[in-house]
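In what follows, a single structure is set out as structure tokens and then discussed.
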Amino acid sequence: MAAKAGMIIQRVVLNSRPGKNGVPVAENFRLEQSTIPDTVQEGQVRVRTLYLSVDPYMRCRMNEDTGSDYLLPWQLSEVADGGGIGVVEESKHHNFAKGDIVTSFNWPWQTVAILDGSLLQKVVPELVNGRLSYFLGAAGLTGLTALLGIREKGHVTVGANQTMVVSGAAGACGSLAGQIGRLEGCSRVVGIAGTDEKCSILVSEMGFDAAINYKTGNVAQQLRELCPGGVDVYFDNVGGDISDTVISQMNQNSHIILCGQISQYNKDVPYPPPLPPGTEKIQKERNITRERFLVLNYMDKQEASILQLCQWIQEGKLKVRETVVEGLANIGVLSSP
């Protein structure tokens with residue numbers, strides 16, 4: 001007797017690696033048909049995927065060695081995974097019922113999946129005014145990274161007249177970090193981004209005091225003009241030359257929130273990348289903290305932090321912009337520059 005075929009699904013697998021020093025392209029991924037069992041086992045949940053998150057850290061997962069002890073590499077011809085959100089279609093786990101909206105950090109890039117219920121968390125759509133994708137961004141890992149980074153490594157104090165600079169400021173994390181810096185007590189927030197349009201959005205929509213286009217402006221000169229009292233907190237998303245320039249204008253006993261180093265991700269360098277000798281000298285002389293920050297180390301603060309983010313979103317204090325692309329077939333395009 002022939003075995004039952006199972007349910008046909010679509011999934012995205014890693015087709016090839018870009019190489020440690022290579023730039024990812026859409027062809028590094030492959031869309032294919034596969035099947036999942038018709039039956040759900042005890043403790044499992046069948047979910048239909050609604051949203052998947054494509055994030056900068058995934059570049060590291062495209063390498064055979066991620067360079068990190070907490071990130072596992074994607075395997076060739078195996079399904080990719082990351083942050084995801086979906087709806088329960090069938091459940092044999094006591095925590096979940098059909099129709100529940102659930103999320104996970106390890107969601108496979110496929111249309112329907114059978115997952116271990118212990119990997120899932122239920123979410124409440126009303127907390128984000130029904131914008132479910134926010135649970136992968138502003139009210140998810142991205143928002144947590146911005147909020148906990150500022151609270152744990154920024155040492156922001158209400159009334160201390162601190163100036164914060166954010167690089168990669170128009171990105172998902174950077175745009176939230178600038179707003180949260182203000183909400184937490186910074187008196188001045190300056191962003192660095194790559195187009196005039198992005199800079200305009202940061203000031204007109206996101207409440208930044210000013211923004212610098214690093215591609216057309218003299219970053220060092222503009223920082224001196226826009227941060228006359230120096231820089232107290234630097235939310236670093238990019239590393240490289242821009243960070244060296246910001247660090248050179250940081251104050252005594254100031255703080256770097258080491259969130260990401262996107263300018264270095266296509267290069268074979270350790271994380272965090274070492275600073276050039278001149279910049280390292282400034283850092284040491286001025287007692288500037290620059291500690292690796294990993295949001296997963298603060299999971300005990302996750303629930304309260306997400307509720308805070310949701311409250312700010314509901315109150316209109318946290319503005320959110322997203323790039324949403326329809327269709328699993330287009331996810332590889334998002335993953336390349």
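Key figures for this structure:
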{"read-out": "Where a residue in the range 244-258 is open to solvent by 10 Å² or more (accessible area, probe 1.4 Å) and its partner, wherever it lies, is part of a helix (DSSP H, G or I) and not aliphatic (A, V, I, L, M), with Cβ under 8 Å and at least six apart", "value": "Asp244/Gly278; Asp244/Thr279; Ser248/Thr279; Gln249/Arg224; His255/Lys153; His255/Gly154"}
{"read-out": "Criterion: touching a residue at least 60 places away in the same chain (Cβ under 8 Å) and either closer than 18 Å to Gly171 by Cα or more than 25 Å from the chain's Cα centre (by Cα) (or both) - qualifying residue of Tyr234, Tyr214", "value": "Tyr234"}
{"read-out": "Some residue of the range 8-23 being among the polar types (S, T, N, Q), under 24 Å from Gly117 (Cα atoms) and modelled with pLDDT under 95", "value": "no"}
{"read-out": "The lone exception for Gln75 - which of (1) in contact with a Cys (Cβ under 6 Å, 6 or more places away or on another chain); (2) modelled with pLDDT of 95 or more it fails", "value": "(1)"}
{"read-out": "Single residue of the range 38-52 satisfying the filter (out of contact with any His (no Cβ under 9 Å at 6 or more places or on another chain), assigned to a strand (DSSP E or B) and among the β-branched types (Val, Ile, Thr)) that is least open to solvent (accessible area, probe 1.4 Å)", "value": "Val47"}
{"read-out": "Failed criterion for Met62 (all others in (1) at pLDDT below 95; (2) touching a Phe, Trp or Tyr at 6+ places or on another chain (Cβ under 9 Å); (3) surrounded by fewer than 20 Cβ atoms within 10 Å (Cβ to Cβ) hold)", "value": "(3)"}
{"read-out": "Breaking point among (1) in a loop (DSSP other than H, G, I, E, B); (2) at pLDDT below 95; (3) not hydrophobic (A, V, I, L, M, F, W, C), for Asp241", "value": "(1)"}
{"read-out": "Condition broken by Val325, with the remaining ones in (1) in contact (Cβ under 8 Å) with a residue 24 or more places away in the chain; (2) open to solvent by 50 Å² or more (accessible area, probe 1.4 Å) satisfied", "value": "(1)"}
{"read-out": "Test: residue in the range 297-312 that is modelled with pLDDT of 85 or more, open to solvent by 50 Å² or more (accessible area, probe 1.4 Å) and of a type in the set (S, T, N, Q)", "value": "yes"}
{"read-out": "Selection status of Ser335, under 24 Å from Ala138 (Cβ atoms), modelled with pLDDT of 95 or more and within 17 Å of the chain's Cα centre (by Cα)", "value": "no"}
{"read-out": "Residue in the range 137-153 that is part of a strand (DSSP E or B), open to solvent by less than 50 Å² (accessible area, probe 1.4 Å), under 26 Å from Gly316 (Cβ atoms) and not acidic (Asp, Glu) present", "value": "no"}
{"read-out": "Qualifying residues in the range 96-133 (those that are assigned to a loop (DSSP other than H, G, I, E, B) and out of contact with any strand residue (DSSP E or B) (no Cβ under 7 Å at 6 or more places or on another chain)) - the one farthest from Asp81 (Cα to Cα)", "value": "Asn129"}
{"read-out": "Options Asp55, Asp100; residue that is over 24 Å from Gly260 (Cα atoms) and either buried (at least 16 other Cβ atoms within 10 Å of the Cβ) or in contact with a Pro (Cβ under 8 Å, 6 or more places away or on another chain) (or both)", "value": "Asp100"}
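Every residue, every condition in (1) open to solvent by 30 Å² or more (accessible area, probe 1.4 Å); (2) β-branched (Val, Ile, Thr), yes or no:
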| site | (1), (2) |
| --- | --- |
| Ile180 | no, yes |
| Glu184 | yes, no |
| Val190 | no, yes |
| Cys199 | no, no |
| Lys215 | yes, no |
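The values are calculated or read from the model by the stated rules, or taken from the named source; none is laboratory data. Just so it is clear, the structure is predicted and the values come from calculations on it, not from any experiment. When we count neighbours, we look across all protein chains shown, and the Cβ atoms used for this are built from the backbone with ideal geometry, even at glycine. Please note that ligands, DNA and RNA were not included when accessible areas were found on the heavy atoms of the full protein model with its side chains. Shrake-Rupley method; radii C 1.70, N 1.55, O 1.52, S 1.80 Å.
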